[in-house]
Structure formats: structure tokens, C-alpha cells
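For reference, the structure discussed in these notes is given below.
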Amino acid sequence: MVINLRQLYEIVGEVKTFDCEVSPERLAQVKGYSFKGPVTVKGVLRNRAGVLLLSYSVSFTLNAQCDRCLAEFEKELCFESEYVLVRELSSSDDGDEYIVTEGDSLDLDELAVDDLLLQMPTRLLCKEDCKGLCPVCGADLNVTDCGCAPLIG
């Protein structure tokens with residue numbers, strides 16, 4: 001979803017809320033993750049003294065494989081992000097604190113997916129106390145105690 005920011009920039013105090021889904025075409029470009037259903041983006045844009053404050057949340061259900069036991073599972077995730085949007089920067093050293101919106105528009109799909117990828121956990125587990133697989137016989141230790149002698153390392 002591309003949001004036109006022109007009116008928001010021009011009227012101090014203007015507020016715009018949004019509730020949308022990331023396009024399936026954009027999600028198809030995300031490699032290594034499988035989403036069950038839509039990725040929902042909800043938030044608000046506010047004009048405060050000529051700059052825009054963007055606050056939004058991204059929620060979705062991920063189809064995943066446990067990194068320890070290899071079991072398939074679903075996990076609901078939600079992330080929140082906040083940004084300051086400006087038309088231009090007054091100095092070159094402010095670039096990390098602001099998003100410069102060229103052409104008075106913002107590609108919300110792109111921003112949301114970038115944030116989603118940065119917020120994803122590095123390790124996906126079916127449950128916090130997942131015991132994983134036996135390194136000797138490969139049995140799922142969450143289901144059975146295989147009886148193999150533990151490896152001493």
C-alpha cells in the first residue's frame with residue numbers, strides 16, 4: 001500500500017489511520033519464511049509541527065519448522081515500529097533518525113516487510129523448552145526418551 005502524504009504534510013495536526021494487509025506479491029518476495037494468511041499492518045500518521053510521526057504494528061502467523069526438533073508449527077507474531085517522516089533533511093548527519101519521503105508518498109508494504117524481517121527471531125522454536133533431537137538416533141526427545149547414552153563433549 002502506497003500512502004499519499006501531501007495533505008498530511010500540509011496540515012499541522014492532521015491525522016490519518018490505516019488498517020491494511022501487505023500485498024501477496026510483496027510477501028512472495030520474502031524468501032525463507034512462510035506466512036499463514038495475511039500480514040496485517042495497523043497504525044496512524046500524525047503531523048506534528050510539519051513532520052510526520054508514524055506508529056504502526058505488524059501482525060501475522062508464521063508457518064515454521066522448529067530449529068531444534070524439526071517439527072512443523074505455527075507462531076503468531078506482532079511487532080511495533082515508530083518513525084519520523086520528513087520531506088528533506090537539513091543536514092547530512094540526520095539520516096539515521098528520519099525517513100525521507102520522496103514525492104510525498106510512502107510504500108508501507110516495503111517498510112513493514114523490512115521491519116518484519118529485522119524483528120524476526122534468530123531461532124524459531126516450537127516451544128521454549130524444546131528438547132530437540134537425539135544426536136545419536138535422531139528421536140524427537142519431546143515425544144520419547146530414546147535411551148541412548150548422552151554424548152560427552
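A few comments on the model shown:
- The slack between Lys31 and Glu82, meaning 0.36 nm per residue of separation minus the straight C-alpha distance, is 15.9 nm.
- CD proxy at 222 nm, helix term only [per DSSP H run n ≥ 4: -39500 (n - 2.57); per residue of the chain; nearest 500]: -3500 deg cm²/dmol
- Rg ratio (alpha-carbon, reference 2.2 N^0.38 Å) - the chain: 1.45
- Backbone phi angles across the range 127-132, fed through the Karplus curve with coefficients 6.51, -1.76 and 1.60 (θ = phi - 60°), yield HN-Hα couplings of 7, 4, 9, 4, 8, x Hz in residue order; Gly and Pro are listed as x.
- Note on Lys131: aspartates and glutamates with a C-alpha under 12 Å away, same-chain residues under 8 apart excluded, are Asp67, Asp140, Asp145.
- Rounded tilt (10° steps) of 108-119 against the dominant C-alpha axis of the chain: 40
- Too-long pairs where the Cα-Cα distance tops 19 Å, listed order kept, from Lys31/Lys127; Lys16/Lys42; Lys75/Lys127: Lys31/Lys127
- Taking Asp115, Asp140, Asp129 as the candidate residues, the one with maximal mean-square fluctuation in a Gaussian network model of the chain, Cα springs under 10 Å, is Asp129.
Just so you know, all these numbers are worked out from the coordinates, no wet-lab data involved. For clarity, every value in this text was computed on a predicted model and none was experimentally measured.
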